[in-house]
Amino acid sequence: MKSNRAWREAVLISLPLYLAALVVACAPTSSPLGGPGSRSDAATFVGPVDVPRAEPCSSLLSRPATPVEQGWTTVRLPCLTEEAEVEVAALGAVEGGPVVVNLWASWCTPCREEMPRLEQAAREAADDGVRFVGVATRDAPERSGEFLRSLGVTFPQLSDVSGDLLAELGVPGLPVTVAVAGGAVVGQHVGPASAQDLADLVNEALDAEVASEAATP
């Protein structure tokens, strides 16, 4: 009986540590940043890179801009696949429709495992008017592109080599996925998202979009 009690106590003590380790498994401070070397390896965007099947960022640039002071972020990011820059606050603006934004990196194993689910969810959500956008975070662009090409990813991709958006969201590691509608974050999932998690985020974005439209004079 004592041995069973000791075993249960050991499990209760170790479980929080194990869960914490999972959360920070892809923390930027301990990442290889897309390859060997120090944190400065991915400090500067060098792109764009070729991802033939990815939708161009021009589809994002056509969305109406939301004033930065009213937006959900102040970050501007370059497109991974073309010479263009996107004001991230414009994503999910009232007139532009809801979006689901996924922060990921090629060096992050949970991110790599999650990406096929994101691609499938992006295809399904397009019928409901919800767009998916990827943000390669603290990752070398050429490695990001290589990974996306290997999977045939089709939704638009931005690059955030400094991790500015991740820092603004206040999340300790990757992956993280947020639903944005009406110019605000309406849902968030930290860690690898299941198909159901992604469906829930899409539904949260759609519900918030309906509420936002109803409140607009």
For this session: Would you pull out the residues with amide H under 5 Å of E55's amide H, same chain only if 5 or more places away, H placed 1.01 Å from N?
Result: F155
Exercise. Modelled label-to-label distance, A215 and V190, 7 Å Cα→beta-carbon offset: nm?
Worked result: 2.5 nm
Exercise. Ordered by packing density, taken as the mean number of other Cβ atoms within 10 Å over each peptide's residues, highest first, how do 174-180, 162-168 rank?
Worked result: 174-180, 162-168
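Only counting other Cβ atoms within 10 Å, I'd like R112, R131 sorted with the fewest neighbours first.
R112, R131
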Seminar exercise, completed: P98 neighbourhood, Cβ < 10 Å, K/R = +1, D/E = -1, net charge -3
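Every number in this text was worked out from the coordinates using simple rules, so none of it is lab data. For clarity, every value in this text was computed on a predicted model and none was experimentally measured. Methodologically, a virtual Cβ is constructed for each residue, glycine included, from the backbone with ideal geometry; neighbour enumeration extends over all protein chains shown.
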